[in-house]
Amino acid sequence: MWVWVSMMNPHRLAYGFAYQFPFAMIIAIATLVALVFTKDRKAFPLTSISGLMLAFLVWMSITSLFAMQPADVVYATWIQVFKTQLMLFVTMLLIRGRKQIEQLIWAIVISIGYFGVKGGIWTLTSGGENRVWGPPGSFIEGNNELGLALTMLLPLMYYLTATTAKRWMRFAMWGSMVACALSILGSHSRGAFLAIGVAVLFLGIKSRRPILTTTLLSIALAGAVMLMPGNWLDRMGTIETYQSDASAVSRLQTWETIWNMVKDRPVFGAGFDLADDELFRRYSPYPDMESYSPHSIYFQVLGEHGFVGLALFLALGLSIWRRSKKLARTCSDQPGLEWVPLLMRMVQVSLVAFAAGGAFLGLLHYDLPYYLAVIVVLVDATVTEKRTEPLGRHSRSVPPSIGARSV
């Protein structure tokens, strides 16, 4: 329920009082109260990933005390980030096993994939002339943000497609993946286009048949691009001529301004909500420059939380990568854990998409990349607990479809 409401924002599709009703807060309170009394609560999985997530949250809290923006502005953002991170830790206490992990993935896929399927249909019927937008009042309201979120979602959708035993569900998922891919292109986001290109390349490299898989995926992507209208091609063409594009130039100027901030405050950064006109004019080399969003997860974490925050953020990404790689390798020949390698490889593809597309988009505090971390932690905890079980107690086996046809 929390994942659905926080990531899909279904109440933003309603009218009247429901639009502003605090559904997420009520669900969070109910979950926290039940957490105290439930017997299904698990031990907190203290790993390098969960430890870095906790350290990053603590450091963001410390930098908030030294933020340059007014306290009420900083507190509003901090409380939003804190609530998101808190529920991630709650997830680690409540979920174990393949069934519950896949239920979590389904909730994520349905919550975000709804807008991808809807946007893909819109792109196809409208000829791609108009942009696809995300749910209002959410992290992915913008076309750029939605495009990157859907790119990160595709590998998780592929995992569910490859492991489901029902044929009609596989056909439905393949159709949903095609619609989401069209929606990514229909977002007219250059960052998302770069991200999906990197994801396709990396997906091919990680497959059992790198050349064949990369070729087929590249042909499919090229075919989808050919369906897009001229104004889409013109916009993507500005990637090579960014010097003459006003949006690209403003990003470069913003990054230069943020770098000046960090040179002045290398340890704590400027704190949350650094996109402020007065703050920008103080550090920008361009007179009367207006403030802009950082448009980069790297410059955002650097500007908000200094070099310490950047180090923790990069260490978290590296830890997710290394642990997922180790799990994929060690579980490949273990009975009852055949599903783990594919899931871990798909998490890696999602992580690469976030790292590539996030270089041009400010989605530092969005839930989805941190749920990738949670998924790896939950799989790690499940594998560790399974090794201590008596022989013969294994989770359900992987359907035959995951064999030769899987990545």
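Descriptive notes on the structure:
- Taken together, the residues in the range 44-70 that are in contact (Cβ under 8 Å) with a residue 24 or more places away in the chain and in a loop (DSSP other than H, G, I, E, B) amount to 7.
- Counting only helices (runs of 4 or more DSSP H) that sit completely within the range 71-181, those holding 1 or more residues that are surrounded by fewer than 17 Cβ atoms within 10 Å (Cβ to Cβ) correspond to 71-94, 97-126.
- Matching entry among 56, 89 (being under 22 Å from the mean Cα position of the chain (by Cα), modelled with pLDDT of 95 or more and under 17 Å from residue 364 (Cβ atoms)): 56
- Answer residue from the range 285-315, given it is crowded, with 20+ Cβ neighbours inside 10 Å and of a type in the set (Gly, Ala, Ser) and is nearest to residue 356 (Cα to Cα) among those: 296
- Each residue in the range 225-248 was checked for being in a helix (DSSP H, G or I) and modelled with pLDDT of 80 or more, and 2 pass.
- Residue in the range 315-330 that is over 24 Å from residue 108 (Cα atoms), hydrophobic (A, V, I, L, M, F, W, C) and over 17 Å from the mean Cα position of the chain (by Cα) present: no
- Residue match in the range 210-232 (condition: loosely packed, with under 14 Cβ neighbours inside 10 Å and of a type in the set (Ser, Thr, Tyr)): yes
- Some residue of the range 152-167 being within 11 Å of residue 186 (Cα to Cα), touching a residue at least 40 places away in the same chain (Cβ under 8 Å) and not β-branched (Val, Ile, Thr): no
- Per this entry, residue 319 is not counted among residues that are in a helix (DSSP H, G or I), touching a residue at least 12 places away in the same chain (Cβ under 8 Å), of a type outside the set (Lys, Arg) and surrounded by 22 or more Cβ atoms within 10 Å (Cβ to Cβ).
- Yes/no for residue 21 being surrounded by fewer than 19 Cβ atoms within 10 Å (Cβ to Cβ) and at pLDDT 95 or above: no
- The set of residues in the range 257-283 that are in a loop (DSSP other than H, G, I, E, B) and modelled with pLDDT of 85 or more comprises 265, 266, 267, 268, 269, 270, 271, 272, 273, 274.
- Filtered residue count, the range 182-210, keeping only those that are farther than 13 Å from residue 144 by Cβ and part of a loop (DSSP other than H, G, I, E, B): 4
The values are calculated or read from the model by the stated rules, or taken from the named source; none is laboratory data. Predicted model, so just to flag it, every value in this text is computed and none were measured. Quick reminder, even Gly has a Cβ in these numbers, built from the backbone with ideal geometry, and neighbours come from all protein chains shown.
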